[in-house]
């Protein structure tokens, strides 16, 4: 039996055309030399090493057969762009902590759409962080650990039986 050949994706179907002037190429030199995907990977690894479960969120839309298909809609803002890149979660069975993380290259700022979404989420008590370095993820993990210790110190303890 001959080996199965993979069907190539049509250009622009799921990934942007390399000639798209709105998107920097993988070798782009804007900002620092590190790609956003590399920064995101380092942040994810730091959080996972500290016991967090991390979910990457694909936002926006894809053009399929001439129509755009949205991946999500943020109800309340009725939009499907600007949502943070990562969802970090950690819990101990009684207390759960969730944070949304927007990853940027050094020197880059969130877009106006992202700022709108961040403001909307923060207004509902959901922590949103903008990170451009994995050391910020370690600071988040340390902050969670301190909150967990403070919370444990406030809980009533059962008296020990003799």
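State which residue is farthest from residue 144 (Cα to Cα) when the search covers only region 50-61 and only residues that are part of a strand (DSSP E or B) and at pLDDT 80 or above. Of everything passing the filter in region 50-61, 56 is farthest from residue 144 (Cα to Cα). If we keep just the residues of region 103-116 that are over 9 Å from residue 82 (Cβ atoms) and either surrounded by 18 or more Cβ atoms within 10 Å (Cβ to Cβ) or in contact (Cβ under 8 Å) with a residue 60 or more places away in the chain (or both), which is nearest to the chain's Cα centre (by Cα)? Looking at the filtered set, the residue picked out is 103. The single residue among 119, 98 that is over 20 Å from residue 45 (Cα atoms) and either free of Cβ contacts under 8 Å to residues at least 40 places away in the same chain or surrounded by 15 or more Cβ atoms within 10 Å (Cβ to Cβ) (or both) turns out to be 119. Count of region 62-84 residues, restricted to those that are part of a loop (DSSP other than H, G, I, E, B), at pLDDT below 90 and surrounded by 14 or more Cβ atoms within 10 Å (Cβ to Cβ), is 5.
Selection of region 85-118 for residues being part of a loop (DSSP other than H, G, I, E, B) and over 18 Å from residue 138 (Cβ atoms) yields 92, 93, 94, 95, 105, 107, 108, 109, 110, 111.
For residue 144, the conditions (1) in contact (Cβ under 8 Å) with a residue 40 or more places away in the chain; (2) assigned to a strand (DSSP E or B); (3) touching a strand residue (DSSP E or B) at 6+ places or on another chain (Cβ under 6 Å) are fulfilled apart from (2). Scan region 122-133 for residues that are in a loop (DSSP other than H, G, I, E, B) and either without any contact (Cβ under 8 Å) to a residue 40 or more places away in the chain or over 21 Å from residue 39 (Cα atoms) (or both) and the total you get is 5.
The values are calculated or read from the model by the stated rules, or taken from the named source; none is laboratory data. Source: prediction; values computed, not measured. Glycine gets a Cβ as well: all are built from the backbone with ideal geometry, and neighbour counts include every protein chain shown.
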